[in-house]
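Heads up: the structure comes next, in structure tokens.
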Amino acid sequence: MTDRDFDQISGRSTTGHEWDGIKELNTPLPRWWISTFYATVLWAIAYWVVYPAWPLLSSYTTGVFHYSARASVANDLAGLEKLRAEKMAVLGKVSLTEIETDPALLALARARGKTVFADNCAPCHGSGGAGAKGYPNLNDDDWLWGGSLDQIQQTIQFGARSGHAQAHGGQMLAFGRDGILRKDEIATVANYVRSLSGLSTVATFDAAAGARIFADNCAACHGENAKGNQELGAPNLTDHIWLYGSDEETLIETISYGRAGIMPAWSGRFDPITIKALAVYVHSLGGGQ
């Protein structure tokens, strides 16, 4: 019996191709596979009709169901905000102090405040509030504008140098750029400031000259004892806590060009209850006064 006879008997045919005695069979695809393929095609066509699918010149086909994932998420968030608002409403009826003294209210405020902080404040102050260069650490007890509940709430509401009429507005002068101090005087007072925190100074440092320059130019804001002034946002220079760094080069840069960081006013974005919850959360991080 020849190979052709065998193929005819077995119901198989070949394509006519052969390599090293191996023939290429012309076997049709299984019916279940063909059926599945046609079913997926029909499903795709039905999906195009029912759901948004095809982009147009300035829009897209909305489909029979007019479904929108964006709208679905927006509805879910709106429902969540409604549920959250009902629970948070109680915070608007009590004072900040009452919230901190009531365990249930404190837990509610901290939960809301933590979420808001992570979404809006963490990019600058860090996820745990530890701060970064130029951004205050909210875990310690060193506060530029005050660390009481009311002071924190005011800072969050109106910001610092944000343009809001009630924002904190203190700004450090640029003693070098504006020609108020010479380079040698800036270097001298920079070393004097380092000495206030017990840091090392250059061997040729003239402490008396540094104290005189400080008294004439810096004491008006930072105080005669350099303990700072929260009304002006002038930091304490004697506590080893430095917003931009304590090395001599950084201090010279700070004195030469000044500092005027901006914190946004959140009153236009957050409702009063959210600001209150955020103030409680920040105050409870460990450095609240």
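The values are calculated or read from the model by the stated rules, or taken from the named source; none is laboratory data. Only a predicted model underlies this, so the values are computations on that prediction, with no experimental measurement involved. Here the Cβ is made from the backbone with ideal geometry for all residues, glycine too, and neighbour counts use every protein chain on show. Accessible surface is based on the protein model in full, side chains and every heavy atom, while ligands, DNA and RNA are left aside. Shrake-Rupley method; radii C 1.70, N 1.55, O 1.52, S 1.80 Å.
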(request) Could you please let me know if GLY286 is open to solvent by 30 Å² or more (accessible area, probe 1.4 Å) and within 23 Å of CYS124 (Cα to Cα)? (result) yes
(message) Please pick out the residue among TYR47, TYR51, TYR38, TYR60 that is in contact with a Pro (Cβ under 7 Å, 6 or more places away or on another chain) and either surrounded by 10 or more Cβ atoms within 10 Å (Cβ to Cβ) or modelled with pLDDT of 90 or more (or both).
(response) TYR60
(message) Which of the numbered conditions does ALA209 fail, given that it passes all the others? Conditions: (1) farther than 30 Å from ASP271 by Cβ; (2) in a loop (DSSP other than H, G, I, E, B); (3) without any contact (Cβ under 8 Å) to a residue 60 or more places away in the chain; (4) of a type in the set (Gly, Ala, Ser).
(response) (2)
(message) Could you go through segment 151-160 and let me know if any residue there is more than 22 Å from GLY245 (Cβ to Cβ), assigned to a loop (DSSP other than H, G, I, E, B), out of contact with any His (no Cβ under 6 Å at 6 or more places or on another chain) and open to solvent by less than 60 Å² (accessible area, probe 1.4 Å).
(response) yes
(message) Going residue by residue through segment 92-100, is there one that turns out to be part of a loop (DSSP other than H, G, I, E, B), more than 30 Å from MET172 (Cα to Cα) and open to solvent by less than 40 Å² (accessible area, probe 1.4 Å)?
(response) yes
(message) Return the residues of segment 151-166 that are at positive phi and either under 19 Å from the mean Cα position of the chain (by Cα) or free of Cβ contacts under 8 Å to residues at least 12 places away in the same chain (or both); say none if nothing qualifies.
(response) GLY159
(request) Answer yes or no as to whether VAL116 is open to solvent by less than 60 Å² (accessible area, probe 1.4 Å) and under 30 Å from GLY245 (Cβ atoms). (result) yes
(request) Consider ASN191 carefully, then state whether it is part of a loop (DSSP other than H, G, I, E, B) and not acidic (Asp, Glu). (result) no
(request) Residues being assigned to a loop (DSSP other than H, G, I, E, B), surrounded by 13 or more Cβ atoms within 10 Å (Cβ to Cβ) and of a type outside the set (A, V, I, L, M, F, W, C): count how many of those fall in segment 212-225. (result) 1
(request) Collect the residues in segment 226-251 that are within 18 Å of THR188 (Cβ to Cβ) and open to solvent by 50 Å² or more (accessible area, probe 1.4 Å), keeping them in residue-number order. (result) ASP247, GLU248, GLU249
(message) Every residue in segment 122-150 that is more than 18 Å from the chain's Cα centre (by Cα) and either without any contact (Cβ under 8 Å) to a residue 40 or more places away in the chain or not in a loop (DSSP other than H, G, I, E, B) (or both), please.
(response) LEU149, ASP150
